[in-house]
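A short write-up of the structure that comes next.
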Amino acid sequence: MVVTSKVTMRQARVRYTYNDYILLPGDKRHEVLDGELYVVPAPNTKHQRVSRDLLGALLHHARERDLGEVLPAPYDVVLSEENVVQPDILFVRKERSGIIGEANLKGAPDLVVEILSPASRSKDLELKRKTYARFGVQEYWVVDPDAETVEVFVWSEVGYVTAGTYSKSDRLSSALFPDLKLALAEMFAWKS
């Protein structure tokens, strides 16, 4: 008589921290959201064009008015030990510049910009949006290169509320950037 035993395979729920994150190989971009590890795929050309133009406009505006620091990805934002993100663009007001360290940013930026791509769309619209709200990021801009829109969310005690949805024919404004009237037609002017 042959006796067989049934072995049940179980998986451990591993929670990643910033210490685990910094040990990851440097050949790929990663993020940690609520202890879950995500690989961030390389952005496509459309994404990079929008990122370049928006970064240039924000950088020029912030420098000209001495408002604070504008930084592009890849750059680690350590919101907590189990939440490390790399937003496409971020802004920290001058009076909060102490959260900018040599290796990363420790705390919530004042503005986070995420540019949607097919691989990041659901994560950016759901998971990261909730994470940014939970940690008190004052403004969250979601740029959709395909729809040629920018949705601006502002933080409130109940989460984000929409301050405006801007299309290619509009001029974007923001409470964080006095006098900013960003012509989105220029940002979306490139040809596919």
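The values are calculated or read from the model by the stated rules, or taken from the named source; none is laboratory data. Just so it is clear, the model here is predicted, and its values are computed rather than measured. Backbone-built Cβ (ideal geometry, glycine too); neighbour counts: all protein chains shown.
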Report, by residue number, each residue of region 117-159 that is of a type in the set (D, E, K, R), part of a loop (DSSP other than H, G, I, E, B) and touching a strand residue (DSSP E or B) at 6+ places or on another chain (Cβ under 7 Å).
-> Glu148
Residues of region 55-75 being buried (at least 20 other Cβ atoms within 10 Å of the Cβ), at negative phi and not in a loop (DSSP other than H, G, I, E, B), which ones?
-> Leu58, Ala62, Val70
Name the residue, out of Val154, Val113, Val78, that is surrounded by 22 or more Cβ atoms within 10 Å (Cβ to Cβ) and among the β-branched types (Val, Ile, Thr).
-> Val113
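Take region 167-192 and flag every residue that is assigned to a strand (DSSP E or B) and surrounded by fewer than 18 Cβ atoms within 10 Å (Cβ to Cβ).
Selection gives Ser167, Arg171, Ser173, Pro178, Asp179, Leu180, Lys181, Ala183.
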In region 62-81, residue farthest from His30 (Cα to Cα) [restricted to those that are touching a residue at least 12 places away in the same chain (Cβ under 8 Å) and of a type in the set (D, E, K, R)] = Arg65
Report, by residue number, each residue of region 90-110 that is surrounded by 20 or more Cβ atoms within 10 Å (Cβ to Cβ) and in contact (Cβ under 8 Å) with a residue 40 or more places away in the chain.
-> Phe91, Asp110
Is one or more of the residues making up region 125-139 modelled with pLDDT under 95, small (Gly, Ala, Ser) and surrounded by 15 or more Cβ atoms within 10 Å (Cβ to Cβ)?
-> no
